[in-house]
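Participant: Pasting a structure below so you can have a look.
The values are calculated or read from the model by the stated rules, or taken from the named source; none is laboratory data. These numbers were taken from a predicted model, which means no experiment stands behind them. Here Cβ is always computed from backbone atoms with ideal geometry, including for glycine, and neighbour counts include all displayed protein chains.
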Amino acid sequence: MRRFIRHPTDFPILVSPDGCNNGDQASLCDISQGGIACRLPRQLLPGTPVTMCIPSLQMDCRVSGRVVRCIPCAKGFRVGIKFNDDTEVFKSKMVEQVCQIEHYRRELIREGRELDSETAAQEWIERYSNSFSEDFSG
């Protein structure tokens, strides 16, 4: 059974066709070891090479992929993007883990429990790293 990770909505991604200086903010729907599904305001043709990043993160990590499908939907297009290779898969997993940890830290703050990033990461790893690895590897 294929499994996906739900990406936290408080970390929007930016998808840019290669060779383009500006991209579109995407609503990320799912992420797995093979790629992502997201909603974009404009159509991208299958085969289009793209670069993805999360501008709100303190780190600058870009992940490359290629559009494999683009289907019209209610608010634009649902786009499937396949990661280019194992290096891109690894980078996407690390970036997604950072997003999950930071989302966890923010949720704790809303509940009145403030942790620094390192403590939140240690706690998240103890609680969720096994299921994250299983879900991400599909």
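Participant: Of all the residues that make up segment 44-64, how many are of a type outside the set (Val, Ile, Thr), at pLDDT 90 or above, surrounded by 13 or more Cβ atoms within 10 Å (Cβ to Cβ) and part of a loop (DSSP other than H, G, I, E, B)?
Facilitator: So the count comes out to 1.
Participant: Can you name every residue in segment 12-23 that is crowded, with 19+ Cβ neighbours inside 10 Å and at pLDDT below 90? So that I can check it myself, show each step before the final result.
Facilitator: In the first step, residues of segment 12-23 are kept if they are crowded, with 19+ Cβ neighbours inside 10 Å; the result is 13, 15.
The one that is crowded, with 19+ Cβ neighbours inside 10 Å and at pLDDT below 90: Ile13.
Participant: Could you grab the pairs with beta carbons closer than 9 Å, sequence gap of 6+ or different chains, first residue in segment 75-87 and within 14 Å of Gly35 (Cβ to Cβ), second one surrounded by fewer than 17 Cβ atoms within 10 Å (Cβ to Cβ) and of a type in the set (A, V, I, L, M, F, W, C)?
Facilitator: Arg78/Cys29; Arg78/Ile71; Val79/Val68; Val79/Ile71; Gly80/Val68; Gly80/Ile71; Ile81/Val68; Lys82/Val68
Participant: Moving to a separate point now. Could you tell me whether Ser92 is over 24 Å from Ser117 (Cβ atoms), hydroxyl-bearing (Ser, Thr, Tyr) and surrounded by 13 or more Cβ atoms within 10 Å (Cβ to Cβ)?
Facilitator: no
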